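Below: one structure, written as structure tokens.
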Amino acid sequence: MLGLNGTPFQPATLQLTGIPGMQAGQAWVALVFCILYLISIVGNFTILALVIGEPALHQPMYYFLSMLSLNDLGVSFSTLPTVLATFCFNHRHVGFDACLVQMFFIHTFSFMESGILLAMSFDRFVAICDPLRYATVLTNNRILAVGLGILAKSFTTLFPFPFLVKRLPFCKGNVLHHSYCLHPDLMKVACGDIHVNNIYGLFVVIFTYGVDSIFILLSYALILRAVLAIASREQRLKALNTCMSHICAVLAFYVPIITVSMIHRFWKSAPPVVHVMMSNVYLFVPPMLNPIIYSVKTKEIRRAFLQVFYKSQR
């Protein structure tokens, strides 16, 4: 479909939706989202402040953790404007170009999180399988290079998405199914040939989530083999305990993604609320859970937090 000026039709604004069937309880939904954002933002800022301010945490493991917290803040701030506008102020329209920008950042930060979790699994692999070389392998310069590499990979692979969407006409309405902009959601209202978008989207998912998850599993297979070779049961448990926080973070990230994919593939008749709720879990739960996981499971983080707390009480 062409607009009046002969260019592909694109709506000036897109309409966002909340959670289907929960219009009556929108105030409670808004409260839940505000609590999730508060926990996520305060928790991740706290982790960043502790890693920056406490010399005892100036180690590779905590540098990667600070990357994860910074990325989780990016996820939260990417969705926050439209989610709060939708649920708190009942403002459900977003400009088309603004929607593309939000889509780009949401997907970029999501793919970056996968890369950071992979880097953290490599950190645990070196710490357990080759502890004597840990400090020489994971130097500050290499950690910085890994972080910049993850950023560059995510940015370059996601950069074509807004342009691939921009070229399409939109003739199936302007109503999206979430309170934020996602690429699959935009494809549902786009006309024309969307095969390029779908093929490139599949390539990016396999190139990021697929490859990263395989290497994470490989890292833990090697870690498990090294741990089982340790004679002392106490030492085996101690070694595995250093991985528990990361394992929980990986599960919190990948389980919702796998669940969303399985529902989309095998339960096409699922009510719209199921798809929306699972997408919300996928975007909102990991940024909220990660600071809690690392605060509860990592004694160095707890110790640093208590030290800062006691200093503030003096």
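Some observations on this one:
- At a Cβ-Cβ separation cutoff of 4.7 angstrom, cysteine residues of the chain with no neighbouring cysteine are 34, 88, 129, 243, 248.
- Candidates 158, 182, 144: whichever shows maximal mean-square fluctuation once the chain is modelled as a Gaussian network with Cα springs under 10 Å: 144
- Relative contact order %, segment 28-76, counting alpha carbon pairs below 8 Å whose residues are six or more apart: 46
- Estimated at 0.36 nm per residue, the fully extended path between residue 277 and residue 45 surpasses their Cα-Cα distance by 80.9 nm.
- Extending 7 Å from the Cα toward the beta-carbon at both residue 195 and residue 9 defines two label points whose distance is 2.4 nm.
- Using a Förster distance of 35 Å, the FRET efficiency for residue 148-residue 269 (Cβ separation, nearest 0.05): 0.20
- Projected over every direction and averaged, the convex hull enclosing the alpha-carbon atoms of the chain yields 19.4 nm².
- Think of segment 121-167 as having a plus end and a minus end, set by charges on the Cβ of Lys, Arg, Asp and Glu; of 146, 134, 160, 160 sits farthest toward the positive end of this dipole.
- Taken along the Cα-to-beta-carbon direction at a fixed 7 Å, the label points for residue 133 and residue 202 span 4.0 nm.
- Amide H within-cut-off set for residue 175, under 5 Å, with H built and near neighbours excluded: 15
- Segment 7-157: C-alpha pair distances exceeding 27 Å, %: 39
- Modelled FRET efficiency - R0 22 Å, residue 34 with residue 175, Cβ distances, 0.05 increments: 0.35
- Loop trypsin sites (Lys or Arg not before Pro), segment 65-156, which have at most 13 other Cβ atoms in a 10 Å radius of their Cβ (DSSP): none
- Considering only chymotrypsin sites (Phe, Trp or Tyr not before Pro) in DSSP loops that have at most 15 other Cβ atoms within 10 Å, the longest stretch of the chain without any of them is 90-266.
- Over the chain, DSSP H runs of length four or greater, each weighted -39,500 (n - 2.57), average out per residue to a 222 nm ellipticity of -25500 deg cm²/dmol.
- Normalised contact order of segment 65-128, rounded percent, pairs of Cα under 8 Å and 6 or more residues apart: 49
- Placing dummy labels 7 Å off each Cα toward the beta-carbon, the span from residue 80 to residue 261 is 3.0 nm.
- Note, ³J(HN,Hα) from phi for segment 167-174, Karplus 6.51, -1.76, 1.60, rounded to Hz, x at Gly and Pro: 6, 8, x, 10, 10, 9, x, 10
- Among 57, 117, 176: highest mean-square fluctuation, GNM of the chain, C-alpha pairs under 10 Å: 57
- Part-to-part distance (alpha-carbon centres) for segment 78-122 and segment 213-278, which is given in Å: 23
- Pairs of Lys residues in the chain, spaced 8 or more positions apart or belonging to different chains, with C-alpha separations under 25 angstrom: 9 in total.
- Listed residues 232, 78, 114, most fluctuating in the chain (Gaussian network, C-alpha, under 10 Å): 232
- Mean separation of Cα contacts under 8 Å (6+ apart) over length of the chain, as relative contact order %: 27
Every read-out reported here was derived from the displayed coordinates using simple, explicitly stated rules and does not represent laboratory data. Quantities reported herein were computed from a predicted structural model and do not represent experimental measurements. Note that we place each Cβ from the backbone using ideal geometry, even for glycine, and neighbour counts take in every protein chain shown.
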